[in-house]
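Notes follow the structure.
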Amino acid sequence: MSDNFIKNCYKKILAADSVYDIAIVSPTQFAPKLSSKLNNHLFIKREDLQPVFSFKLRGAYNKISKLKNIKHIVAASAGNHAQGVAMTCQKLRLQSSIVMPLTTPTIKINGVKKLGSKVILSGDTYDEAYNFAIKYAKENNYNFVHPYDDLEVIAGQGTIAIELMDQLEEHPDYVFIPVGGGGLLAGMSVYLKTINPKIKIIAVEAEDSACFNLAYKNGKPTSLRHVGIFADGVAVKKIGSKTFKLTKNIVDSSITVTTDEICSAIKDLYDETRVIAEPAGALSLAGARKYILSKKIKNKKIATILCGANMNFDRLRHVSERADIGESSEIILGVTIDEKPGSFKKFCSIIGKRAITEFNYRYSDSNDAQVFVGIKTTKGIDEKRDIIKKLKANNYKCHDMSNNEMAKLHIRYMVGGICKEINDERIYRFMFPEKPGELLKFLDNIGSRWNISLFHYRNHGADFGRVLIGLQAKESELTSLEKHFRTLKYKFYDESQNSAYKQFLK
């Protein structure tokens with residue numbers, strides 16, 4: 001590690017002990033349940049126990065406490081950096097303004113306000129809030145504190161690695177570090193690799209905001225086209241230039257995880273600690289579990305970071321629904337059974353002594369019944385294959401919908417029969433930032449040129465509003481229809497050939 005930039009960062013980490021004016025030395029605890037479940041020795045660094053329930057306090061204080069002649073602090077954040085800056089400014093008796101996306105969970109907005117900072121809501125994503133904050137700071141000649149792409153901020157986050165190494169009796173074999181803009185990854189990686197180059201560092205990202213992975217492939221920071229914000233704490237379009245420079249040659253591997261896998265990790269952390277992690281806070285464990293199982297790793301010392309616990313209560317509904325699918329302990333199937341007395345009983349007898357978590361059905365015709373069923377499993381993928389194989393052996397038509405987003409988000413709430421009078425129906429799934437008034441705006445933007453034949457929307461406390469919409473459009477109109485959709489700047493998917501739609505609604 002001869003790079004002068006890395007050496008300089010390492011020195012700054014060692015000199016960042018001022019963070020303890022405001023932060024605690026968070027404990028690293030052994031996780032017996034998870035260790036047994038994953039056949040490894042798993043440890044959790046409890047950054048959720050910080051005064052603002054997140055590690056971000058460290059970097060914010062290390063940066064701001066070193067500034068001179070401060071007039072006013074400005075920051076942009078999806079929540080946790082905001083609370084770190086706000087608490088720092090409260091302690092140092094400084095004025096501050098925090099720009100947050102309109103989609104920021106209420107619990108984080110209220111947390112910043114209670115700490116005395118002015119909150120400005122702007123944009124649907126962190127990047128939009130960031131652009132506004134930069135402009136606001138320049139116009140007013142205020143000090144802007146970057147949430148991750150700043151060496152003093154990075155150094156503050158790196159103090160977590162110092163504690164981790166002091167608290168473990170032996171150095172870990174693997175450390176799984178969550179990534180948004182890369183401040184935590186950079187600070188911890190620089191310290192860990194300097195102390196022990198043999199430690200394997202695995203960067204963990206949400207599948208729909210994997211900016212480090214994209215930068216690694218392209219050899220430079222590159223903007224993502226779309227950013228999912230379920231894991232709002234890591235919802236960043238482009239990795240920082242400084243953080244990428246520090247990490248590109250020392251991080252051993254990266255892994256991405258789905259929303260379902262994150263939800264499952266939140267559940268695992270609750271079972272282990274009785275703490276409800278926010279999605280970004282559970283990212284490290286989600287990546288560790290996926291990596292361990294895919295690489296068949298056993299009897300290694302694994303360190304994970306529970307980096308935040310600022311979770312809106314209404315999001316728990318969404319987390320609970322998706323957690324079992326994320327760990328392959330529930331499967332979702334669309335099954336065709338005979339429309340005659342005793343069919344349901346026969347179907348259940350084939351399923352055996354397994355818990356049926358959901359069963360949706362409505363009479364359609366006198367021959368076949370279409371049922372949407374959820375089944376609890378205990379042996380993961382292999383058990384799912386066995387169930388499907390058994391059903392098909394008994395002449396049931398069966399579609400696995402466990403990974404079908406449309407089925408999980410919409411169809412399960414819409415099973416109610418097939419309409420035979422609709423012609424030229426096209427089905428689309430849309431996503432838009434979840435905020436007051438956005439559904440009405442969506443409908444206004446769709447317009448009235450095409451007749452709406454199907455519509456489903458459900459507010460379930462997640463990052464985006466999800467809409468399933470059916471429109472009557474002839475084949476000759478499809479090009480202009482989708483051209484219109486692209487002008488709306490909503491992410492959309494054509495679901496007209498989706499098996500769930502064909503089975504239950506077409």
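Would you mind finding the one in 57, 38, 42 that is at pLDDT 95 or above, in contact with a Pro (Cβ under 7 Å, 6 or more places away or on another chain) and of a type outside the set (Gly, Ala, Ser)?
After applying the criteria, what remains is 57.
Does region 11-27 contain at least one residue that is touching a strand residue (DSSP E or B) at 6+ places or on another chain (Cβ under 6 Å) and surrounded by 15 or more Cβ atoms within 10 Å (Cβ to Cβ)?
The answer is yes; a qualifying residue exists.
Listed here are the residues, each with its yes/no results for (1) surrounded by fewer than 24 Cβ atoms within 10 Å (Cβ to Cβ); (2) out of contact with any helix residue (DSSP H, G or I) (no Cβ under 9 Å at 6 or more places or on another chain); (3) touching a residue at least 60 places away in the same chain (Cβ under 8 Å); (4) closer than 23 Å to residue 16 by Cα.
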residue: 180; (1), (2), (3), (4): no, no, yes, yes
residue: 225; (1), (2), (3), (4): yes, yes, no, no
residue: 250; (1), (2), (3), (4): yes, no, yes, yes
residue: 266; (1), (2), (3), (4): no, no, no, no
residue: 272; (1), (2), (3), (4): yes, no, yes, no
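List the number of the failed condition for residue 81; all other conditions in (1) farther than 21 Å from residue 161 by Cα; (2) within 20 Å of the chain's Cα centre (by Cα); (3) assigned to a helix (DSSP H, G or I) hold.
(1)
Please report, ordered by residue number, the helices (runs of 4 or more DSSP H) entirely within region 86-179 with at least 1 residues that are modelled with pLDDT of 95 or more.
It comes to 126-140, 151-167.
Looking at region 293-317 only, could you name the residues that are buried (at least 20 other Cβ atoms within 10 Å of the Cβ), within 16 Å of the chain's Cα centre (by Cα) and not polar (S, T, N, Q)?
Hits for region 293-317 are 305, 306, 307, 308, 309, 311, 315.
Going by the structure shown, is residue 70 over 17 Å from residue 162 (Cβ atoms) and either assigned to a loop (DSSP other than H, G, I, E, B) or among the basic types (Lys, Arg) (or both)?
Against the criterion (over 17 Å from residue 162 (Cβ atoms) and either assigned to a loop (DSSP other than H, G, I, E, B) or among the basic types (Lys, Arg) (or both)), residue 70 qualifies.
Can you find even one residue in region 381-401 that is of a type in the set (Phe, Trp, Tyr), closer than 30 Å to residue 47 by Cβ and not in a strand (DSSP E or B)?
No, because not a single residue in region 381-401 is of a type in the set (Phe, Trp, Tyr), closer than 30 Å to residue 47 by Cβ and not in a strand (DSSP E or B).
Of all residues in region 109-124, how many are touching a Ser or Thr at 6+ places or on another chain (Cβ under 8 Å) and surrounded by 22 or more Cβ atoms within 10 Å (Cβ to Cβ)?
1
I'd like to verify a number: residues in region 21-76 that are touching a residue at least 60 places away in the same chain (Cβ under 8 Å), more than 18 Å from residue 305 (Cβ to Cβ) and small (Gly, Ala, Ser), how many?
Total satisfying the criteria: 2.
The values are calculated or read from the model by the stated rules, or taken from the named source; none is laboratory data. These figures come from a predicted structure and were not determined experimentally. FYI the Cβ positions are ideal-geometry reconstructions off the backbone, even for glycines, and counts take in every protein chain you see.
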